[in-house]
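The values are calculated or read from the model by the stated rules, or taken from the named source; none is laboratory data. Remember, predicted model here, so these are calculated numbers, not experimental data. Note that we place each Cβ from the backbone using ideal geometry, even for glycine, and neighbour counts take in every protein chain shown. Please note that ligands, DNA and RNA were not included when accessible areas were found on the heavy atoms of the full protein model with its side chains. Shrake-Rupley method; radii C 1.70, N 1.55, O 1.52, S 1.80 Å.
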Amino acid sequence: MYETSDIRKGLRIEMDEEPFIVIEFQFVKPGKGTAFTRTKVRNLINGAVIDRTFKSGEKLKPADTEERPMQYLYCDGNYHFLDSSNYDQVSLETSIVAENANYLTENMNVAISFFKGRPISLTLPNFVVLEVSETAPGEKGNTVTGALKSAVVTTGYSLNVPLFINEGDHLKVDTRNGEYVERVKSKS
């Protein structure tokens, strides 16, 4: 069991039979009365953020979560992943993968969080390399700073890229905000 003094950013706790992660906290010692900790916690299953206050001395139950590295295999309506340590396959529903599907490529290594043995979330690497499958032709000599055009990558995701990007180029994309980072020589 955790004490209120153990509360910190990133701590995973269980409330109302669901896992939560602390995203903000503040210890408050009023002039009168008992001290307390004001927190913002995010539900790891549905992503809802709630405010919760804990009195000093209150006990918190640790969330029974684990994160395992897995490899993406394929999608047939559900997304299938392989645990390379024991060769178990895990299937995730589209609702769990959500917008992460924009960046998934075959054989990509990801982290999947489990709560009481049930998969609840997917964490991608911060950057992925994707190939441009469709965009307007590149323009030579156009030196307008910051000019962008639309490009579609092999996963079907559309993003804005500089004018010099051509079809077949490999792009480094930030999975946290979906933005172009740089052009890379070859897929790594």
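Give me the percent of accessible area attributable to carbon and sulfur for the chain, probe 1.4 angstrom.
Roughly 47 percent of what the probe reaches on the chain is carbon or sulfur.
Once the whole set of protein chains is in place, how much accessible area is left on residue 1, using a 1.4 Å probe, in Å² to the nearest 10?
Accessible area of residue 1: about 150 Å².
Could you tell me the extents of segment 1-46's C-alpha atoms along the three principal axes, largest first, rounded to whole Å?
Its Cα atoms span 38, 19, 16 Å along the three principal axes.
Would you mind computing Rg(Cα) / (2.2 N^0.38 Å) for segment 37-107, counting N as its residues? Intermediate values should be presented prior to the final figure.
Numbers: Rg = 17.0 Å, N = 71, 2.2 N^0.38 = 11.1 Å.
Dividing the Cα radius of gyration by 2.2 N^0.38 Å gives 1.53.
For a quick check of your reading of the filter: which trypsin sites (Lys or Arg not before Pro) in segment 42-122 sit in a DSSP loop and have no more than 13 other Cβ atoms within 10 Å? Don't skip to the end; give the middle numbers.
Values: sites: 42, 52, 55, 59, 116; in loops: 116.
Within segment 42-122, the qualifying trypsin sites (Lys or Arg not before Pro) (loop, at most 13 other Cβ atoms within 10 Å) are 116.
Looking at the chain, what % of its DSSP beta bridges pair antiparallel, to the nearest 5?
100 percent
With every protein chain left in place, what is the accessible area per residue of the chain in square angstrom, probe 1.4 Å?
60 Å²
At 0.692 mPa s and 37 °C, plugging the Kirkwood radius over alpha-carbon pairs of the chain into Stokes-Einstein gives what diffusion coefficient in µm²/s?
169 µm²/s
Between residue 114 and residue 89, 0.36 nm times their residue separation minus their Cα-Cα distance comes to what?
7.6 nm
Scan segment 35-110 for GluC sites (Glu not before Pro) in coil per DSSP, keeping those whose Cβ has at most 15 other Cβ atoms within 10 Å, and list them by number.
Taking segment 35-110 and a limit of 15 other Cβ atoms within 10 Å, the loop GluC sites (Glu not before Pro) found are 58, 93, 106.
How much accessible surface area, in Å² rounded to 10, belongs to the heavy atoms of residue 53 with a 1.4 Å probe?
It works out to around 80 Å².
Of 59/116; 29/61; 40/149; 9/32, which sit over 31 Å apart, Cα to Cα?
Cα-Cα > 31 Å for 40/149; rest within.
Just the accessible area for residue 169, please: 1.4 Å probe, Å², rounded to the nearest 10?
Taking all protein chains as shown, residue 169 has close to 30 Å².
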